[in-house]
Amino acid sequence: MRPRPRGAVLWLILPLLSLLTVLALGTARSVAAEQRATRNLAEQRALALAALQALRAAERRTLDLNLRFEDGLRGESGVPWRGDGRGLGWFMPDCLSSVGGVGYGLCATEPDLWRRSVLINGARWPLLHPCGPSRPLESEPGRPPASCLPARSRAGRRWSPPRYVLELLNPAFRFADVDGRLYRISVRVWGESERDALTVQSWFWAGAGAQAGRGGRLNWRRLEEAE
């Protein structure tokens, strides 16, 4: 019997090893892709839950503000909803000027207002941004609520606490035969980076007069970040 030439077995094994290597790499890439997809899905679900929780918190803040507006309207001179010849109002086009220390984020209604940007101290900032004229829902330890958050990613933490703006759509809105006001609330939450954001919006009714402490959501929607 003629002996098999040396090296013949190696040439038979090399293609098999190459095939096994390709299969192993493909499996590893597939597992990594599935893990990324699972992680992204979990992050999106967490962001969506955070957005709905922030929206509910903003609606509670709106009821508190509605009571404050009611107190102001019962004053001797009252306060106009928007600025006029008497001075500044509560809901201004730039979402900045206000009376009585009410603060930023009360806006005269505009189409797609939540997409707008505002010029502040020579710099233009998105409305729903820590540096823009929006209202914070949470404060960060050691950071004043009105301070501007530097644009930086922070692993394992949200880039910024949620922000919201409030529009007065109708100051004489009746719902269920009760006089009240119709507001639109826009809320933005962030993940670990500025680019990882989600914005939601609700239409919210609040009562007037003796019913100023009553209110409820009429509808809501998720807004698309991309133009």
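Numbers at a glance
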item: Relative pair counts by distance (%), Cα atoms of the range 168-227, 5 Å bins; result: 4, 18, 22, 17, 12, 11, 8, 6, 2, 0
item: Residues Val187, Val178, Val118, Val165 arranged by fewest to most Cβ contacts within 10 Å; result: Val178, Val118, Val165, Val187
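FYI, it's all coordinate maths here, none of it is from the lab. It should be emphasised that the depicted structure is a prediction, and the values quoted were computed from it without experimental measurement. Cβ: placed from backbone, ideal geometry, glycine included. Neighbour counts: every protein chain shown.
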